[in-house]
Amino acid sequence: MSAPSPTSAPPLSIAFVESPLQFLSALEAHTACASPDRSGELLIRARGSAKGMTSFLDAFDVSWLPETVHLDRAGAKPGVLRTRTPVRIYLGDACSGQVHKALSLAYLERRLPEVVILDDGLATYSTIETLSSSEKGPLIRPRQKLKPSRTVMAAYVADRLRGLAASGRLGWHTALPVPERLNEQFTAGGGHITRHRFEFLQTLPTGGSHPRDNPVIGSALAADGLISTEAYRAWLDSIIDKGPITYYPHRREADEFLAELGRDPRVRIKHVGLPIELRLVNLPPNSTIRSLPSTAVVSLAVLNPEVTVDVTEIPGEWWTGSAPDSLRTSLNSQTLQAHVRH
């Protein structure tokens with residue numbers, strides 16, 4: 001009698017994420033892309049040392065994860081791609097040096113599996129633009145200066161991903177609005193785009209807030225030196241003068257700035273740990289969220305279609321000159337258009 005054949009392992013996908021939004025995007029992509037019988041498994045390799053990730057991972061209840069999803073805080077170490085054979089790789093930050101090293105070492109002489117780009121804030125537009133451009137540049141962030149060896153690696157990974165697109169194995173799973181021109185460029189190269197509206201996130205037992213909290217979403221633009229800190233504070237003061245607010249800081253805002261802001265008795269600063277999308281999901285219909293242009297307002301408009309998302313366009317005089325024109329356009333145009341459409 002012949003021995004029974006061993007049970008084959010379920011197909012495995014691996015996600016490399018370095019921010020809370022990338023983490024949530026990986027969950028949305030997995031629930032949308034998993035096989036119909038839900039036998040596919042996902043290993044999320046989170047870079048726990050990235051700013052804001054430790055507090056997020058500590059606050060995130062692993063019981064919220066589907067049974068097919070497993071979490072590891074080791075990040076994008078090359079070893080996981082040498083010892084495992086994923087059918088799909090999700091990239092939260094396609095410009096990450098750690099990710100580039102992992103892909104380059106593991107797939108130097110091997111065929112890459114399907115790769116899906118996840119939302120990484122408005123920087124995602126730059127990534128898709130780079131992969132779609134006829135100039136075929138390296139995958140680097142705007143304003144980023146790399147050593148020659150890193151630039152070579154970033155160019156190699158970009159070339160490999162363009163090759164995947166040509167064979168129909170490069171995707172972009174997004175909740176962001178997709179500009180028509182970018183859609184045409186990406187799909188012309190063979191890439192495919194799938195959409196989500198945070199269907200999985202909306203099933204989690206989190207969030208909820210009273211409209212009297214007057215939520216204001218903090219921005220990293222001043223902390224990153226892209227807009228004037230004085231102008232940003234003046235904008236906040238103009239809102240505070242109309243009534244008390246609950247301020248949800250961005251993870252890159254300086255402690256000194258927040259401490260000074262918190263001295264105003266009309267301001268309640270709420271360090272949420274979990275991303276704003278989880279905390280402000282399912283707000284009452286008469287709520288108003290105030291913010292500068294950001295990815296968060298796109299997400300929250302999707303999650304709360306009956307809530308007013310009041311977005312203030314950034315005046316030209318606020319900019320410090322450090323931001324490239326493409327980022328200004330994405331912030332002041334695409335994000336605001338997304339609010340209108342959603």
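Computed from the coordinates by the stated procedures, all read-outs in this text should not be read as laboratory data. Remember, predicted model here, so these are calculated numbers, not experimental data. All Cβ positions, even for glycine, are placed from backbone atoms using ideal geometry, and neighbour counts span all protein chains on display.
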The helix 97-106 Cα axis meets the longest alpha-carbon principal axis of the chain at an angle in degrees, between 0 and 90 and rounded to 10, of 10 degrees
Using the alpha carbons of region 29-121, what is the convex hull volume per residue in cubic angstrom, as a whole number? 112 Å³
Point-to-point label distance, Arg266-Ala166, nm (Cα→Cβ direction, 7 Å offset): 6.0 nm
Which residue, Pro148, Pro275, Pro179, has the most motion in a Gaussian network model of the chain that connects Cα atoms within less than 10 Å? Pro148
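What FRET efficiency would be calculated for the residue pair Ala32, Asp241, taking the C-beta separation as r and a Förster radius of 56 Å, to the nearest 0.05? Mind showing how you got there, number by number?
On the way: r = 44 Å, r/R0 = 0.78.
Efficiency for this residue pair is about 0.80.
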Any of Lys77/Lys136; Lys101/Lys270; Lys51/Lys242 with alpha carbons more than 30 Å apart? Name them for me. Lys101/Lys270; Lys51/Lys242
If unit charges are put on Cβ atoms (+1 for Lys and Arg, -1 for Asp and Glu) and the dipole of region 174-274 is taken about its Cα centre, the option from Ala231, Asn183, Gln202 lying farthest towards the positive end turns out to be Gln202
Throw me the Rg/Rh for region 215-280, computed over C-alpha atoms with Kirkwood Rh, two decimals. 0.93
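In what order do Val69, Val99, Val298 fall by count of nearby beta-carbon atoms within 10 Å, going from fewest to most? Let's see the in-between values first.
Details: Val69 20, Val99 23, Val298 28.
Ascending number of Cβ neighbours within 10 Å: Val69, Val99, Val298.
Which of rounded, prolate, oblate describes region 101-240, given a ≥ b ≥ c as roots of the alpha-carbon gyration tensor eigenvalues and a/c under 1.5 marking rounded, otherwise prolate only if a/b is larger than b/c?
Prolate shape, in that a/c is at least 1.5 and a/b is the bigger ratio.
For the chain, with only Lys/Arg (+1) and Asp/Glu (-1) charged at the beta-carbon, what is the dipole magnitude about the Cα centre, in debye rounded to 20? Walk me through the numbers on the way to the answer.
Numbers: 37 positive and 35 negative charges, 201 e Å.
Using Cβ point charges on Lys, Arg, Asp and Glu, the chain gives about 960 debye.
Can you give the longest stretch of the chain with no exposed loop site, where a site means GluC sites (Glu not before Pro) in a DSSP loop (not H, G, I, E or B) with at most 14 other C-beta atoms within 10 Å?
Numbers: sites that count: Glu67, Glu109, Glu135, Glu199, Glu306, Glu313.
It works out to 200-305.
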Taking all pairs of distinct Cα atoms, average 1/r, flip it, and tell me the Kirkwood hydrodynamic radius of region 147-198 in Å to one decimal place. 12.2 Å
Using 10 Å bins from zero, what percent of all Cα-Cα pairs in the chain falls into each bin? 5, 24, 34, 24, 10, 2, 1, 0, 0
Please compute P(r) over all alpha-carbon pairs of region 12-201, binned at 5 Å starting from zero, and give each bin as a whole-number percent. 1, 8, 17, 22, 22, 17, 9, 3, 0, 0
Ranked list, fewest to most other Cβ atoms within 10 Å of each Cβ, for His192, His271: His271, His192
Rank Arg197, Arg233, Arg110 by mean-square fluctuation in a GNM of the chain with C-alpha springs under 10 angstrom and give only the top-ranked residue. Arg110
How would Leu81, Leu112 line up from fewest to most surrounding beta-carbon atoms within 10 angstrom? Leu112, Leu81
